[in-house]
Amino acid sequence: MPTYVAFLRAINLGPRNRYPMAELRAALAAAGFTDVATHIQTGNVRLGTSARSVPRLTERLEAVVAADRGFPSTSWC
């Protein structure tokens, strides 16, 4: 299974975009990602997935954040 590194923007920037990393890891694990790890409070995430399409993976990550937190995030994988 491939491992990706995602850089989620707008995480923990400003008072409205707070996302504790434990909750982010839990949301991503619940969405089916594996071996989810975060780096401090940055929104940088390492995860495993069988996905092969980076654009689709990016859309999925952004959808998980929006569904769980209600604010948009852009990401790079």
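Give the angle, between 0 and 90 degrees and rounded to the nearest 10, that separates the Cα long axis of helix 21-30 from the longest principal axis of the Cα atoms of the chain. With rounding to tens, the tilt is 40 degrees. A simple spin-label model places pseudo-atoms 7 Å from Cα toward Cβ; at Glu59 and Met1 they are separated by 2.2 nm. Sorted from greatest to least, the principal axis extents spanned by the alpha carbons of the chain come out as 36, 21, 18 Å. With 0.36 nm allotted per residue and the present C-alpha distance subtracted, the Arg16-Ala30 stretch has 2.7 nm of extension available. The residues of the chain have, on average, 59 Å² of accessible surface per residue, using a 1.4 Å probe with all protein chains present. Taking the Cα centre of the chain as origin and assigning +1 to Lys and Arg Cβ atoms and -1 to Asp and Glu Cβ atoms, the resulting dipole is close to 100 debye. Along the charge dipole of the chain, pointing to its positive end and built from +1/-1 on Cβ of Lys, Arg, Asp and Glu, which listed residue (Ala26, Leu8, Leu47) has its Cα farthest out? Towards the positive end, the residue furthest out is Leu8. Across the accessible surface of the chain, with the other protein chains kept in place and a 1.4 Å probe, carbon and sulfur atoms take up 55 percent. Give, as a single signed number, the net charge of other residues whose beta carbon lies under 15 Å from the beta carbon of Pro72, with Lys and Arg counted +1 and Asp and Glu -1. That sum, taken over residues with Cβ under 15 Å, equals +2. Each stretch of four or more DSSP H residues adds -39500 (n - 2.57); spread over every residue of the chain, this sum gives -10500 deg cm²/dmol at 222 nm. Computed from label points 7 Å out along Cα-Cβ, the spacing between His39 and Thr74 is 1.9 nm.
The values are calculated or read from the model by the stated rules, or taken from the named source; none is laboratory data. Note that this is a predicted model, so its numbers are computed, not measured. Neighbour counts are summed over all protein chains in view; Cβ atoms, including those assigned to glycine, are modelled from backbone coordinates with ideal geometry. All accessible areas refer to the heavy atoms of the entire protein, side chains included, with ligands and DNA or RNA removed. Shrake-Rupley method; radii C 1.70, N 1.55, O 1.52, S 1.80 Å.
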